[in-house]
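See structure below.
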Amino acid sequence: MPQYLLSVHGPAERTPFGAYASKEDMLEAFAETGAFNDRLVADGSFVFAGGLAEAATATVVDGTGDQPVLTDGPYLEAKEYLGGFWVVEAPDLDVALRLAAEGSRACRGKVEVRPFQTPESVQEMLDS
Amino acid sequence: MTPPAVDEAITRAHREEWARVVATLTRRFGDLGTAEDAAAEAFATAVERWPRDGVPPNPGAWLTTTAARKAIDRLRRESRRDAKHQEARLLFEDDPPTPRGAIDDDRLRLVFTCCHPALSPEARVALTLRMVGGLTVPEIARAFLVQEATMGQRITRAKAKIRAARIPYRLPTAEDLQARLDGVLTVLFLVFNEGYLATGPGTDPIRHDLTAEAIRLTRLVRDLLPGPGGSTAAGEVTGLLALMLLTEARGRARVSAAGELVTLDEQDRGAWDRDLVDEGHRLVRETLAAVAAGGPPPGRYQLLAAINAVHTDARDARDTDWAQVVALYDRLARLDPSPVVALNRAVAVAEVDGPDVALALVDRLPLEAYHAFHATRAELLRRLGRSTEARAAYDRAIELAGNTAEVAYLTRRRGQLGAPEATSGRTT
């Protein structure tokens, strides 16, 4: 079954309640997101999901040289950062888009849907 | 030398069978790119063989079979490298011929896949013209005034996305159908408008190749669409077709011999295409009857078609039932409160309540970058005798207009303004 990454992008500036304006908002979003996750598990589309700590906590590691070089902060400076994601299984994009719409409503963030490479698509690259 | 009859048969087969061949092969081989390449090869083979062997009795079946063989040959060649991956597809080889109804469904699937909302609007238009319309990449590039390489890339990228993201090749579910169909109609209307209001210097003011293609594809969608005639979906497709026909009907009268736009009130109504007008009116009556019979309320295309029916109903511009036009625009504005609709409504209001009332409406609209906004203001200001302001508005409209016939018209109107304010005969 094809897999899709549903990534949630949120503002760089966070409140004490993460991407949410108030504790109430946060609790509501958590509850709805939890319920959405339960549905994903129940219908068999759930692969993995997680929320990320704020972007400022990131460290970039460049191991392409002789010695790994560490840099503080996210890889790119941006107004919005990846805040969390789901990996889901779906038979086609329409199903993945429907799940993304539900997830977006639950967590109150925009969701990017991106297909994973498949064994077939990797094989095609190898053949080309 | 190809005999003309064979030439004509090939052209006709291309027009009538291209989408069917691509659609059938996409279902059989599960890939739009494979289907497109095989269809193109099959038509190339027809061009080579039909003059020699004669036109086959059933060109569509011949083309589909030939294309399927081409696709299988190609997959076999590839499968030498990658046997396991292609194996599944070759199982389709001995498929029995598909019954006609299922093939028609395939074409509708193809339309919905090409107009999928996950694709950019530009890609949807290009892909629809290529896969459903059968236009070549150079033809589409010319139609939209972009480089051939750019258009080729746009289509290739869209096909790659369909494949990688698995945009499904099937009809939308009943609950999605209306929204997805709206997307399809938007694509068809975009193609039509690009033909009807062709932009760019050196282009014909009306591109009949595009308007005709849009009408043909809209007819196709209307014929293929499942469900009762009274559904909102069916009503809007009929509305769009009527709108296109009533607009196309005026095409000949809309541009003068000198290549200048002729506005509705100045058109020679005898030059309108009577058959198209009649068919458009018949379709509008059909949608009105469906609404009257308790069907869903008319959507934007049905209302636009009805407005056009009011215009084409009048033997003379002076006989136009403007109050009816305003009433229809009122309904449209409730569905679509966009400033462009408000601008068109204001033009009708000018005929009922006078140019001063209309100008007050127009001046409120945030359409600074839209040439029609300035052209409308110019005409209203002119009627109010405010020549200096009218001239400035014409200047701006000419600057922004992309259609050659419109520029010619606006330039003449500006020229007729005559001298500055003091001698313009302003009645103050």
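Computed from the coordinates by the stated procedures, all read-outs in this text should not be read as laboratory data. Worth saying up front: this structure is predicted, and the values here are computed from it rather than measured. Cβ placement follows ideal geometry from the backbone for every residue including glycine, while neighbour counts extend to all protein chains displayed.
General observations
- Positive-pole candidate from A:T118, B:A271, A:F30, dipole of the protein assembly as shown, charges at beta carbon: B:A271
- Region B:225-344: translational diffusion in µm²/s, Stokes-Einstein, Kirkwood Rh over Cα pairs, 4 °C, 1.567 mPa s: 87 µm²/s
- Partner shielding of B:402-414 amounts to 0, given as the average count of beta-carbon atoms from other chains within 10 Å of each residue beta-carbon.
- Around the amide H of A:G83, modelled in the peptide plane, lie the amide H atoms of A:V8, A:H9, A:G10, all under 5 Å away and 5 or more residues distant in sequence or on another chain.
- Cα centre as origin, Lys/Arg/Asp/Glu Cβ charges: region B:326-423 dipole, Debye: 140 debye
- Rounded to the nearest 500, the 222 nm mean residue ellipticity of chain B from helices alone is -22500 deg cm²/dmol, with -39,500 (n - 2.57) taken per DSSP H run of at least 4 residues.
- Put in order of Cβ neighbour count within 10 Å, fewest first, the listed residues B:D176, B:D223 become B:D223, B:D176.
- The ranking of B:V326, A:V122 from fewest to most other beta carbons within 10 Å of each one's beta carbon is A:V122, B:V326.
- A simple charge model with +1 on the Cβ of Lys and Arg, -1 on the Cβ of Asp and Glu and nothing else charged puts the dipole of chain B at about 980 debye relative to its Cα centre.
- C-alpha long axis of helix B:208-224 to longest principal axis of chain B, angle in °: 60 degrees
- Taking the centroid of alpha carbons for each part, region B:44-80 and region B:311-358 are 54 Å apart.
- The value obtained for region A:3-127, namely the Cα convex hull volume divided by the number of residues, is 130 Å³ per residue.
- Average Cα contact separation per residue, chain B, under 8 Å, 6 or more apart, as relative contact order %: 10 percent
- Taking other C-beta atoms within 10 angstrom as a stand-in for reagent exposure, B:R142, B:R282 fall in the order B:R282, B:R142, fewest first.
- With only the Cα atoms considered, the protein assembly as shown has a convex hull volume of 245 Å³ per residue.
- Length gained on full extension, B:D395 to B:V47, computed as 0.36 nm times the residue gap minus the Cα-Cα distance: 120.1 nm.
- Comparing B:A408, B:L381, B:V340 along the charge dipole axis of region B:326-423, the residue lying farthest to the positive side is B:A408, per the Cβ-charge model.
- Degrees, to the nearest 10: B:300-313 long Cα axis against longest axis of chain B: 60 degrees
- Considering only B:A23, B:T136, B:W50, the residue lying farthest towards the positive end of the dipole of the protein assembly as shown is B:W50, judged by Cα position with unit charges set on Cβ.
- For region B:227-320, the relative contact order works out to 42 percent when only alpha carbon pairs closer than 8 Å and six or more residues apart are counted.
- Per the Debye formula on identical point scatterers at the alpha carbon atoms of chain B, with no solvent, log10 I(q)/I(0) at q = 0.06 Å⁻¹ is -0.31.
- Each Lys and Arg Cβ is given +1 and each Asp and Glu Cβ -1; about its Cα centre, the protein assembly as shown then shows a dipole of about 820 debye.
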